[in-house]
Every structure is written in C-alpha cells, then in structure tokens.
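Peer 1: I'd like to ask some things about the structure below.
The values are calculated or read from the model by the stated rules, or taken from the named source; none is laboratory data. Note that the structure is predicted; figures quoted are calculated from it, not measured. Because the Cβ atoms are built from the backbone with ideal geometry, glycine has one as well, and the counts that use them run over all protein chains shown.
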Amino acid sequence: MQLIVGHIGKAHGIRGEVIVHVRTDEPEARFFPGAVFTTEVSNAPGTPPPGAYRVPEKLTLESLRWHQGAIIAVFDGIHDRNVAEALRSTLLTVDSADVAPPEDPDEYLDHQLVGLRVETVDGETLGEVARIDHAPSSDLIVLRRTGGGTALIPFVKVMVPTVDLDGGRVIVDLPEGLLDL
C-alpha cells in the first residue's frame, strides 16, 4: 500500500525548486537527500495541463531546506522552473512495507486502521474505519456507518479503549448521542 507523505505545490524560483507540503508525522525520516518517492499525478484543479514533460514514476530528492513549515526541494534532473511547475499537484508516496511500525504499543499508522471493523463494547458493529483525520486537539476516526453515512469518533483512550489489529477491529465506548451529531 502506498502512503502519501508529501504534496508538491508551486515552483519556487527559477532553478527547479518546488514547495513540498509535508503529510507525515515524521518528515525527517521521509525527507532527506537521496530519498526516493513514487509519484501519483493529480488531476485536481490548478494542475498544469499535460504537456511535453511527463512526471516520472519516481523522484529522488537531491536537496531540501525548510521554509515556513514546508520544504523547498530540488529533485534529481529537475533544474528548470517550467519542469518544476509541471510537477505541481503531484503526490509523493512511499510503500507502507518500508515504514517501520511505531515503538509505542498505543500508536498506530493510519493505514493499519483503515478498513477495520468498528464495534461497541457490547459487540454491536457500527461500521468500519474509512480514514483517520488529524485534528489539532486529537485524531478522529472517520466511521463509515453500516447503514450509510459517516460519523467522527475522537481517537482518545476513553472512547477507543481497544484496537485489535490481529482481530481486525476497533472497540469503542461512546457517550450517548455522539453518533447522532
């Protein structure tokens, strides 16, 4: 499974630099000179139209520096503003098999949780984990409800007492009315 760790924004300057918006909790473990990323080309609004330059399947980070919470990066072979602009909206991914599991037993990587069944402490199935949203106060489980629709569950120990990766489930103990919001 490919994990998105960055998103290429606009070109910076005239020498092929681009702004990379980081989408990982451990940027120093993912972004370093020589790091290789698989690319995923976006068709989002603002993406440059297809032209003479084709985004390669892999990009190797040549150099980087931090600027206002983002990375200004140079990738091997990209030394021109026009080519750098063609990279805009490209997602940078790594293989989940190359990411070491967290050392803390109560910490999980998003891809480990997506697709797990969500059950109450009484055994009632509520749905499955669609994704994890990272909010300022706590992470949120986005629950894809069995009957349709979604709900948000704060990913805190009091509401999510058990994550059973081997059993393929997350057990929740929710206050009454939370799923009605």
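Peer 1: Within region 71-90, how many residues turn out to be surrounded by 19 or more Cβ atoms within 10 Å (Cβ to Cβ) and outside any loop (DSSP other than H, G, I, E, B)?
Peer 2: Residues meeting the conditions: 6.
Peer 1: Right, something else. Under the condition of being of a type in the set (D, E, K, R) and without any contact (Cβ under 8 Å) to a residue 24 or more places away in the chain, which residue from region 73-116 is nearest to Leu143 (Cα to Cα)? Explain how you work it out, then say what you get.
Peer 2: Filtering region 73-116 down to residues of a type in the set (D, E, K, R) leaves 76, 80-81, 85, 88, 95, 98, 103-104, 106-107, 110.
Still in the list and also without any contact (Cβ under 8 Å) to a residue 24 or more places away in the chain: 76, 98, 103-104, 107.
On the way: Asp76: 40, Asp98: 27, Glu103: 26, Asp104: 24, Glu107: 19 Å.
Among them, the one singled out is Glu107.
Peer 1: How many of the residues making up region 130-166 are of a type in the set (Lys, Arg), part of a strand (DSSP E or B) and more than 24 Å from Ser96 (Cβ to Cβ)? Walk me through how you get there before you give the answer.
Peer 2: Going residue by residue through region 130-166, those that are of a type in the set (Lys, Arg) are 131, 144-145, 157.
Narrowing the set further to residues that are part of a strand (DSSP E or B) leaves 131, 144-145.
With more than 24 Å from Ser96 (Cβ to Cβ) added as a condition, the list becomes 145.
Final tally of qualifying residues: 1.
Peer 1: Consider Val18 carefully, then state whether it is at pLDDT 90 or above and in a strand (DSSP E or B). Give the derivation first.
Peer 2: Working: at pLDDT 90 or above: yes; in a strand (DSSP E or B): yes.
Criteria met by Val18.
Peer 1: If I filter region 96-129 down to residues being among the β-branched types (Val, Ile, Thr) and not in a strand (DSSP E or B), which single residue comes out as farthest from Asp164 (Cα to Cα)? Please lay out each step first, then the result.
Peer 2: So the first thing to find is which residues in region 96-129 are among the β-branched types (Val, Ile, Thr), and the list is 99, 114, 118, 120-121, 125, 129.
Narrowing further to those that are not in a strand (DSSP E or B): 99, 114, 121.
Details: Val99: 20, Val114: 13, Val121: 13 Å.
Checking each candidate, the answer is Val99.
Condition check ((1) modelled with pLDDT of 95 or more; (2) not hydrophobic (A, V, I, L, M, F, W, C)) across all residues:
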site	(1), (2)
Val94	no, no
Glu103	no, yes
Val114	no, no
Arg131	no, yes
Pro161	yes, yes
Asp166	no, yes
Gly177	no, yes
